[in-house]
Amino acid sequence: MNILRRGRLAVAPGEDIMRFTSSMDADKRIFDADVEVDKAHVVMLKEQGIIKDSVCSSILCGLEKIQKDGISALDTSYEDVHIALEARLIEIVGEDIGGRMHSGRSRNDEVATCIRLTLRMELLGLMGEVNDLIGTLVKVAGKHHETIMPGYTHTQHAQPTTLSHNLLAHTNAFIRDISRIKGAYECTNQNPLGAAAFASTGFPINRERTTELLGFDSAIENSMDAVSTRDFMIESLGCFSNIMANLSRMAEELILWSTSEFGFIELDDQYSSTSSIMPQKKNPDIAELMRAKTGTVHGALMSVLTICKALPYSYNRDLQEATPHLWRAADTVRASVRMASGMVGTMSIRKDAMNKTANIGFMTATELADVLVRTADIPFRTAHHIVGSIAKTGKTPTLAILDELSSEIIHEKLSDRGLSEKAIREALDPVDNVRKREVLGGPAPCETKRQITVMKKKLSRIQKDIGVLYEKREEASGKLEKVCKKYS
Ligand code: ARG
């Protein structure tokens, strides 16, 4: 007999209704967390004198068995893992014992706790993976301080830069992603357990103790808030969406760069597919899927936002519908980050093609205008006018042509104001353009080398922070394990 419905409800739902209602499938993700939550709750109940020592010991033994047998041993005719697990416990230890586990709590605080426990591990895993991706980008960037390539605005040739500068741009975006994940982690690592349905409980429970045993930073202050909110999910999904947006931009570059038109890179065979009809094809399918999966993750964020919008307090079953979006998005973003790292780490780079293209499209025009300002002391806007006029003609700038144009525009020859052929020649050299841009953040090799040094320091600091968070988790689960052993 169904332990949940037997009292209040006479008719069992049909198969179609159960399929519509059940969260059993998504609950696979929180099975381990649910056992952990049960253990911490039961330990606390015993310590507070709410259940007897012998009851605690039997429940803990039952939970141990349930954990060993796994979720597949649970009765899937129940609507979620929490009640299926409790039913199994009662089957093992009897209702007089197992029926006491749910004192002072509800599935509402239970599920919120399980999601938070599971999500925080996903966030830690993701942080490590983004860190690895940045490490790969830095490694490749470190080999290409002098690899000149075109930099683009509006996907048009703009100014020369280096591959190192381009790749380091992406690392900076991903570093910000990591700090956002850290923020999401803090918001997630708060304990809702003890809120019960929403109004807490009249049992003298100890929320600080479960907070400690489950390794949360603190207990959520208000019990109604504790069961109602999914803002921690939205915050995480916001991070995931941002990472995917950043990844999709990188994917787009990799796709463009591997076209015949660009020919800047060749992706490794592992990260390529071919055509069933065109035998010559090498397609960047992995990068394309990464670009597409961005939509999946943004969709998950929109779904959860929309599910939570205008939900009256406190718990509503609507919230169950949000959770699978979270897991799908977490899986997608983590896999995408790993793919990106693999792709960047294994691609071959065609320096010659990058170099050659850097000489097309008069990308040195800005530097030439700057040189006019610096040598002939004319306003930048005037120099922009003169150089723009040459660009329109498509002619290669020489001192004679510049003098001719400046005579028309400012009625003066630039050579009379100090411009030389040598200065023009240097201005038109992409390598020289890059070398001169050594201000903070610029593409000059000395500057990208400095940027890498800073980035490496950031990476090792993040690695340390991740290590500390893992240690805290392990410490808490060690504590819980020890006390369970002692009480069982
Ligand atoms: N499966 C539910 C969820 O994910 C668990 C909480 C159920 N609570 C309830 N009052 N029906 O939200």
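Rule-based calculations on the coordinates, nothing more; no lab input. Predicted, not measured: the structure shown is a model, and the values here were computed from it. As a convention, Cβ positions derive from the backbone with ideal geometry for all residues, glycine included, and neighbour counts pool all protein chains shown.
Quickly rank 7-13, 301-307 as a protection proxy: mean count of other C-beta atoms within 10 Å, highest first.
Those peptides, ordered most packed to least, come out 301-307, 7-13.
Calculate the spin-label point distance for residue 25 paired with residue 256, positioning each point 7 Å from the Cα along the beta-carbon direction, and give it in nanometres.
About 3.9 nm, to one decimal.
Work out from phi, with θ = phi - 60° and the Karplus expression 6.51 cos²θ - 1.76 cosθ + 1.60, the ³J(HN,Hα) of each residue of segment 323-337, listed in order in whole Hz, and give x for Gly and Pro.
Each residue of segment 323-337 in turn: 4, x, 4, 4, 5, 5, 5, 4, 4, 5, 5, 5, 5, 5, 4 Hz.
Under 14 Å Cα to Cα from residue 413, which aspartates and glutamates show up? Leave out anything in the same chain fewer than 8 places away.
Residue 413 reaches 377, 403, 404, 421.
What are the residues whose amide H is under 5 Å from the amide H of residue 412, where those residues sit 5 or more places off or on another chain and H is modelled from the backbone?
Long-range HN contacts for residue 412: 407.
List the relative contact order of the chain as a percent without decimals, with contacts defined as Cα pairs under 8 Å and 6+ residues apart.
It rounds to 18 percent for the chain.
Give me the aspartates and glutamates in straight-line cross-link reach of residue 486: C-alpha distance below 14 Å, same-chain residues under 8 apart excluded.
The reachable aspartates and glutamates, counting only those whose Cα sits under 14 Å from residue 486, are 47, 53, 64.
Please identify every one of the GluC sites (Glu not before Pro) in segment 375-433 that sits in a loop by DSSP and has no more than 13 other beta carbons within 10 Å of its own beta carbon.
412
Shape call for segment 310-372 from the C-alpha gyration tensor, a ≥ b ≥ c root eigenvalues: rounded (a/c under 1.5), prolate (a/b greater than b/c) or oblate?
In terms of gyration-tensor shape, oblate.
Taking the Cα-to-Cβ direction at residue 409 and at residue 2 and moving 7 Å from each Cα, how far apart do the two end points lie in nm?
8.1 nm
Which entries of 282/351; 139/464; 309/456; 68/182; 293/449 show an alpha-carbon separation above 30 angstrom in the structure shown?
Those over the limit are 309/456; 68/182; 293/449.
List, in order, the whole-Hz ³J(HN,Hα) value for each residue of segment 22-30 obtained from phi through the Karplus relation with A = 6.51, B = -1.76, C = 1.60 and θ = phi - 60°; use x for Gly and Pro.
5, 10, 3, 5, 5, 5, 3, 5, 10
Output wanted: per-residue J couplings in Hz (rounded whole) for segment 236-251, from phi through Karplus 6.51 cos²θ - 1.76 cosθ + 1.60, θ = phi - 60°, x for Gly and Pro.
5, 5, x, 4, 4, 5, 5, 4, 5, 4, 5, 5, 5, 5, 5, 4
For residue 61 and residue 266, calculate 0.36 nm times their separation in residues minus their Cα-Cα distance, and state this gained length in nm to one decimal.
68.1 nm
I'd like the orientation of helix 399-410 relative to the chain: the angle between its Cα long axis and the longest Cα principal axis, in ° from 0 to 90, rounded to 10.
For helix 399-410, the angle is close to 80 degrees.
Could you state the angle between the C-alpha long axis of helix 365-376 and the longest principal axis of the C-alpha atoms of the chain, as a value from 0 to 90 degrees rounded to the nearest 10?
So the inclination is approximately 50 degrees.
Once you order the gyration tensor axes a ≥ b ≥ c over the Cα atoms, which shape class does segment 199-260 get: rounded for a/c under 1.5, otherwise prolate or oblate by comparing a/b with b/c?
Verdict is prolate for segment 199-260.
For the chain, take the longest principal axis of its alpha carbons; what is the angle in degrees between that and the long axis of helix 380-393, to the nearest 10 within 0 to 90?
80 degrees
Please list 244-255, 31-42, 458-469 highest first by mean number of surrounding beta-carbon atoms within 10 Å per residue.
Ranking the peptides 244-255, 31-42, 458-469 by packing returns 31-42, 244-255, 458-469.
Can you list residues whose amide H is under 5 Å from residue 161's amide H, if they're 5+ apart or on another chain and H is modeled 1.01 Å from N?
Those lying under 5 Å, H to H, from residue 161 are 149, 151.
Determine, for each peptide in 70-79, 128-137, 282-291, the mean count of other beta carbons within 10 angstrom over its residues, then list the peptides with the highest first.
128-137, 282-291, 70-79
Roughly speaking, what is the centre-to-centre gap between segment 140-188 and segment 10-80 when only Cα atoms are used, to the nearest Å?
Distance between centres, Cα-based: 46 Å.
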